[in-house]
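Remarks on the structure that follows.
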Amino acid sequence: MRFDVDAHEQALRRDGYCIIPDFLDAETLRAVREGLAPFLGSHQGRNNFEGYRTERVYTLVARGAVFERITEDARIMAICERFLMPGFLLTASQAICIHPGETPQPIHSDDSFYPVPRPRPAISLSTIVAVDAFTAGNGGTEIIRGSHDWSDAVIAGSYDGFDADAPPKEELVRQLRATEMPAGACVVFLGTLLHRGGANRSTAPRLAFSNQYCEPWARTQENYFLGVPPERAAAMSPRLQDLLGYNIHPPFMGHVTASHPMKTLRPGYVNAVRAGRADDA
């Protein structure tokens with residue numbers, strides 16, 4: 001079936017989000033579960049935003065071939081191309097397992113740390129893929145439809161901004177709607193949309209993963225130059241290397257001592273500063 005990027009773009013511009021119901025097939029879901037299994041149990045949330053009963057696996061893009069393929073999925077790339085400039089980057093890549101008893105996450109937007117006045121176009125675009133089905137009771141992502149268009153003035157009147165420990169305002173909570181969707185579905189939303197991870201009132205964990213993309217001029221949440229070993233990055237596809245930042249945003253943003261950053265992944269590369277050269281052109 002042909003992917004209707006126009007319809008998804010329209011939904012994103014109107015509501016702030018859209019859902020791809022058949023994003024992953026059963027075989028890919030199995031590969032995702034198998035790929036995550038060795039890492040789950042290694043990181044428990046350290047604060048109310050991460051979630052004290054939530055496991056997170058960061059730098060997911062470098063954890064296996066299946067995650068590389070999903071990160072550069074053609075459908076997501078097509079949507080990003082409608083909202084972000086050429087050369088957009090991967091800003092965050094993580095798995096999220098919400099365990100029973102977890103409380104709701106603070107209401108937030110994913111690009112609120114960019115201090116650009118609202119209303120404005122989103123600086124980032126987020127995806128959350130359900131590995132376990134999302135329900136209203138197991139911590140499925142909750143969204144406020146249309147909040148991507150809210151101005152700073154509207155937000156100031158109804159939202160205290162990001163405070164992981166402050167109780168949410170009831171008028172906002174009443175507007176939240178759970179994204180109930182089957183395993184393998186993906187919710188895509190603009191970085192300006194208010195949302196949160198829901199409380200897990202069920203008896204089983206709820207596993208998902210999230211890739212987020214941002215404008216090529218914006219600082220990324222994760223530092224992939226340090227997080228992804230160079231030999232791993234060198235073996236990735238050219239598209240993924242671009243997403244990790246191994247490219248130039250015109251005219252010269254991202255250069256390495258006046259050279260293209262891809263040169264750093266070549267065998268035998270020697271850092272120009274360590275070698276005592278003026279540049280590495």
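Can you order the peptides 73-79, 95-101, 35-41 by their average number of other Cβ atoms within 10 Å per residue, highest first?
95-101, 73-79, 35-41
Give me the percent of the accessible area of the chain that comes from carbon and sulfur atoms, probe 1.4 Å, all protein chains in place.
Carbon with sulfur: 55 percent of the solvent-accessible area.
Which value in deg cm²/dmol, rounded to the nearest 500, describes the helix-derived mean residue ellipticity at 222 nm for the chain, given -39,500 (n - 2.57) per DSSP H run of n ≥ 4 and division by the residue count?
Value at 222 nm, helices only, nearest 500: -6000 deg cm²/dmol.
Considering the Cα positions of the chain, please state its Rg to one decimal place and its Dmax as a whole number of Å.
19.4, 61
Label H260 and A136 with points 7 Å out from Cα along Cα→Cβ: what is the distance between them in nm?
Each label point lies 7 Å from its Cα, and together they span 5.4 nm.
Over the chain, with the other protein chains present, what is the accessible area per residue in square angstrom, probe 1.4 angstrom?
For the chain, the per-residue accessible area is 48 Å².
Place +1 on the Cβ of every Lys and Arg and -1 on the Cβ of every Asp and Glu in the chain, take the dipole about the Cα centre, and give the residue among W217, T127, I144 whose Cα lies farthest towards its positive end.
Result: W217, furthest along the dipole toward the positive end.
With +1 on each Lys and Arg Cβ and -1 on each Asp and Glu Cβ, and nothing else charged, work out how big the dipole of region 188-281 is about its Cα centre, in Debye to the nearest 20.
In debye, rounded to 20, region 188-281 gives about 320.
Work out the length of the dipole vector of the chain about its Cα centre, built from +1 on the beta-carbon of each Lys and Arg and -1 on the beta-carbon of each Asp and Glu, and round it to the nearest 20 debye.
Charge dipole of the chain: 400 debye, to the nearest 20.
The values are calculated or read from the model by the stated rules, or taken from the named source; none is laboratory data. Please read all numbers here as calculations on a predicted model, not as lab measurements. Note that we place each Cβ from the backbone using ideal geometry, even for glycine, and neighbour counts take in every protein chain shown. Surface areas here come from the heavy atoms of the whole protein model, side chains and all, with no ligands, DNA or RNA. Shrake-Rupley method; radii C 1.70, N 1.55, O 1.52, S 1.80 Å.
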